[in-house]
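The next block holds one structure in the form of structure tokens; read it before the comments.
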Amino acid sequence: MQAAPVRATAIPSFTDALRAVESLLMSSGQRTARRNAWTSVLEDRRRAKDRVEAQRVLDQTLAVRP
């Protein structure tokens, strides 16, 4: 009885599969634009989180003062 053959290539992740489909459907410029837009969204979220944290600190500081 022989053992099953070992698979030489790794199974792609879901992200890899999406990127493969994306590369088939979109031109390079469209992919770059979409990725840049997503990076901007993430940066806006980070800045919003920082603003909320700064406001919380200011509110606490003002609440402590007599």
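The values are calculated or read from the model by the stated rules, or taken from the named source; none is laboratory data. This is a predicted model, so every value here is computed, not measured. The protein model used for the area step is the full one, side chains on, heavy atoms only, and it has no ligands, DNA or RNA in it. Shrake-Rupley method; radii C 1.70, N 1.55, O 1.52, S 1.80 Å.
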Worksheet, complete the sentence: Applied in sequence order to region 37-45, the curve 6.51 cos²θ - 1.76 cosθ + 1.60 (Karplus, θ = phi - 60°) yields integer Hz couplings, x standing for Gly and Pro, of 4, 5, 4, 5, 4, 5, 5, 4, 5
Fill in: Sequence of ARG45, ARG31 from largest to smallest accessible area, 1.4 Å probe
ARG45, ARG31
